[in-house]
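Have a look at the structure below before the remarks.
The values are calculated or read from the model by the stated rules, or taken from the named source; none is laboratory data. Everything numeric here is computed off the predicted structure, so don't read it as measured data. Note: ideal-geometry Cβ built from the backbone for every residue, glycine included; neighbour counts use all protein chains shown. Surface accessibility is based on the protein's heavy atoms, side chains included, excluding ligands, DNA and RNA. Shrake-Rupley method; radii C 1.70, N 1.55, O 1.52, S 1.80 Å.
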Amino acid sequence: MSDANLHDWNLTPEQAIALQKRLAGRIEREDRLAPVRHVAGVDIGFEQGGEITRAAVVVLAWPGDPLAGLEIVEQIVHREPTRMPYIPGLLSFREIPAALAAFGKLATRPELVMVDGQGIAHPRRLGVASHLGLWLDLPTVGVAKSRLCGVHDAVPETRGEWTPLRHRGETIGAVLRTRAGVKPLFVSLGHRISLATSLDWVVRCLGRTKLPEPTRLADRLASRRGPMPRPAD
């Protein structure tokens, strides 16, 4: 499912930053989705003081049962030694190798992937969702719990309302209210999808909680054995 020739992972921080700048130009910001039958959620946790990366992928059938919700088709957890220490802005180099290994174990290829993290809402426009989308060559959406960069106006309290997230004169995402009285989410396109369609899919996948079901279930699976707190990138 991945492009093994995208790049090597054995990079210095300076090399990784230069690579991000090059790869950002390959991100497709318009819709190129196949008919969606399966939506995957991805989240990453850490074990043993950060020495082990724990990647969780949950695949859900779409559309789900209107009464029972989205049906879990597959769920995978992959653990491997952490390859890079936490460096602000370079989280994808720390997390994606384990995520790719988890995707490699799936029997079902999803048509859409929601990632707990940023898409282009990143200083160099290549957060973990965008970076993963390039590797998988799949449409990806970044769904983050906190802001990495950018500014925004106040978000209306009504569920489904949003306000643009802007950075350096560019709209890089949306701050979305998914529940009244609860902190909003930061949604950004990852790859092969527009911001409008990203928002539409996040809202369509909402259940009774703050997070859309794909990333909520992946978050629960990734956190099952006490991972370290995860930064916002």
Being surrounded by 24 or more Cβ atoms within 10 Å (Cβ to Cβ) and not in a helix (DSSP H, G or I) is the filter here; which residues of the stretch 197-213 pass it?
Cys205, Leu211, Pro212
Of these, Ile87, Ile52, which one is without any contact (Cβ under 8 Å) to a residue 40 or more places away in the chain and either surrounded by 14 or more Cβ atoms within 10 Å (Cβ to Cβ) or closer than 16 Å to Ala218 by Cβ (or both)?
Ile52
Could you check Glu28 against (1) under 17 Å from the mean Cα position of the chain (by Cα); (2) free of Cβ contacts under 8 Å to residues at least 24 places away in the same chain and say which number it fails?
(2)
Based on this model, can you work out whether Arg216 counts as open to solvent by 30 Å² or more (accessible area, probe 1.4 Å), of a type in the set (Lys, Arg) and farther than 15 Å from Asp116 by Cα?
no
Within the stretch 101-130, residues hydrophobic (A, V, I, L, M, F, W, C) and under 13 Å from the mean Cα position of the chain (by Cα) come out as Leu112, Val113, Met114, Val115, Ile120, Ala121, Leu126, Val128, Ala129
Residue count for the stretch 137-167, restricted to those that are in a loop (DSSP other than H, G, I, E, B) and crowded, with 16+ Cβ neighbours inside 10 Å:
9
Residues being under 15 Å from the mean Cα position of the chain (by Cα) and outside any loop (DSSP other than H, G, I, E, B): count how many of those fall in the stretch 177-196.
8
Select from the stretch 92-127 the residues that are in a helix (DSSP H, G or I) and out of contact with any Asp or Glu (no Cβ under 6 Å at 6 or more places or on another chain) and list them in ascending order.
Ser92, Phe93, Arg94, Glu95, Ile96, Pro97, Ala99, Leu100, Ala101, Ala102, Phe103, Gly104
Could you grab the pairs with beta carbons closer than 8 Å, sequence gap of 6+ or different chains, first residue in the stretch 192-220 and among the hydroxyl-bearing types (Ser, Thr, Tyr), second one open to solvent by 20 Å² or more (accessible area, probe 1.4 Å) and in a helix (DSSP H, G or I)?
Thr209/Arg216
Determine, yes or no, whether Leu60 is among the aliphatic types (A, V, I, L, M) and farther than 24 Å from Thr209 by Cα.
no
